[in-house]
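The values are calculated or read from the model by the stated rules, or taken from the named source; none is laboratory data. Fair warning: this is a prediction, and the values are worked out from it, not measured in the lab. Cβ placement follows ideal geometry from the backbone for every residue including glycine, while neighbour counts extend to all protein chains displayed.
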Amino acid sequence: MHGTLSILPLEVADLRYAVRGKELLRGLGFKLLDGSRTVIMGPNGAGKSLTLRLCHGLLRPTGGRIDWSGPAGGNATKRHAMVFQRPVLLRRTARANLIHALSVSDVPRAEQAERAVAALAHFGLSALAERPARTLSGGEQQRLAIARAWALRPQVLFLDEPTSPLDPAATRAIEQMIQSIHDEGVKIVMTTHDLGQARRIADEVLFLHHGRLLEQAPADQFFSQPQTEEARAFVKGELLW
């Protein structure tokens, strides 16, 4: 799936982002390695989604650096994909949505239809292939968005609150997809506000609060022995301001 040369590790140093003079991210620094599933947590407004968008290249930081420092890091742009909280789908069939994503990613035309069909089959979505994507249920749309990202064969998959509006059954289906993609060797970097979900998925946790990284720790350590007062309150389910 992710080729022989890796774009990882991802090294972020003194990452800052400001809008109209207000600093939303304040000097984040962390290193993400291959293999582990990284979950970014924190209260609303902590900077979780913003961090993903910056790492994926959708926004330009106002300070600091983001370095894909693996042997293939210079060609990183096409080797990571992102799925948003509310998927953006075109007014066309599910299959055509995948083909379009493959076409704009410079996948050879001869491969596009085959890879789209394979992605739908891989995740049990073949029955939806010819249905208009925007008429699908919320869970089906999100599964389609993840299949579309998977079809691009990324080394790193960014997932921004992928199950937040979904019911428990749809959430389980998405989590199974995430596990399957992880098992194939794709690096998962995901935000969630759901503590139970983070416990199920995370190998490591990055905890953000007010635009600062307060903790980066193995998941079992973070949940059993958080090191900061803010993280301890968060794990207890208390509101942070």
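Quick one: in region 98-114, which of the residues that are touching a residue at least 24 places away in the same chain (Cβ under 8 Å) and under 21 Å from the mean Cα position of the chain (by Cα) is surrounded by the fewest Cβ atoms within 10 Å (Cβ to Cβ)? Once the filter is applied, the top-ranked residue is Ser105. Scan region 86-95 and tell me whether some residue there is touching a residue at least 60 places away in the same chain (Cβ under 8 Å) and assigned to a loop (DSSP other than H, G, I, E, B). Yes, there is a match, as at least one residue in region 86-95 is touching a residue at least 60 places away in the same chain (Cβ under 8 Å) and assigned to a loop (DSSP other than H, G, I, E, B). In region 122-146, the residues that are within 17 Å of Leu166 (Cβ to Cβ) reach residues that are among the polar types (S, T, N, Q) with C-beta atoms within less than 7 angstrom, at least six apart or across chains, in these pairs: Ala133/Thr93; Ala133/Asn97; Ala133/Gln141; Leu144/Asn97. Selection within region 68-82: residues that are surrounded by fewer than 17 Cβ atoms within 10 Å (Cβ to Cβ) and not hydrophobic (A, V, I, L, M, F, W, C). The member of this set that is farthest from Leu54 (Cα to Cα) is Pro71. Evaluate the following for Arg86: is it surrounded by 13 or more Cβ atoms within 10 Å (Cβ to Cβ), under 22 Å from Met177 (Cα atoms) and not acidic (Asp, Glu)? Yes; evaluated as a whole, the condition is true for this residue. Among the residues of region 119-145, just one is of a type in the set (Gly, Ala, Ser), out of contact with any strand residue (DSSP E or B) (no Cβ under 8 Å at 6 or more places or on another chain), surrounded by 15 or more Cβ atoms within 10 Å (Cβ to Cβ) and under 20 Å from Ser103 (Cβ atoms), namely Ala119.
When Leu58 is tested against (1) under 17 Å from the mean Cα position of the chain (by Cα); (2) surrounded by 13 or more Cβ atoms within 10 Å (Cβ to Cβ); (3) of a type outside the set (Ser, Thr, Tyr), only condition (2) is not met.
Residue-wise test of (1) crowded, with 20+ Cβ neighbours inside 10 Å; (2) touching a residue at least 24 places away in the same chain (Cβ under 8 Å); (3) over 15 Å from the mean Cα position of the chain (by Cα); (4) closer than 23 Å to Arg53 by Cβ.
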position	(1), (2), (3), (4)
Ile181	yes, yes, no, yes
Gly185	no, yes, no, no
Thr191	yes, yes, no, yes
Ala198	yes, yes, no, yes
His210	no, yes, yes, yes
Asp220	no, no, yes, no
Gln225	no, no, yes, no
Glu229	no, no, yes, no
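Of the residues making up region 141-177, those that are under 22 Å from Val104 (Cα atoms) and at pLDDT below 95 number 0.
Of the residues making up region 76-118, those that are β-branched (Val, Ile, Thr) and over 20 Å from Thr163 (Cβ atoms) are Thr77, Thr93, Ile99, Val104, Val107, Val117. Given the criteria in contact (Cβ under 8 Å) with a residue 40 or more places away in the chain, farther than 24 Å from Pro9 by Cα and touching a helix residue (DSSP H, G or I) at 6+ places or on another chain (Cβ under 9 Å), does Gly237 qualify? Criteria met by Gly237. With respect to the conditions (1) in contact with a Lys or Arg (Cβ under 9 Å, 6 or more places away or on another chain); (2) not in a helix (DSSP H, G or I), Val205 falls short on a single one, namely (1). What pairs come out if I take residues in region 59-71 that are touching a residue at least 60 places away in the same chain (Cβ under 8 Å) and pair them with residues that are loosely packed, with under 14 Cβ neighbours inside 10 Å and in a loop (DSSP other than H, G, I, E, B) whose C-beta lies under 6 Å away, six or more apart or interchain? From region 59-71, the pairs are Pro71/Leu5. The one condition from (1) at pLDDT below 95; (2) touching a helix residue (DSSP H, G or I) at 6+ places or on another chain (Cβ under 7 Å) that Gly45 does not meet is (2). Restricting Ala76, Ala110, Ala18, Ala13 to those that are under 22 Å from Ile181 (Cβ atoms) and of a type in the set (Gly, Ala, Ser) reduces the list to Ala76.
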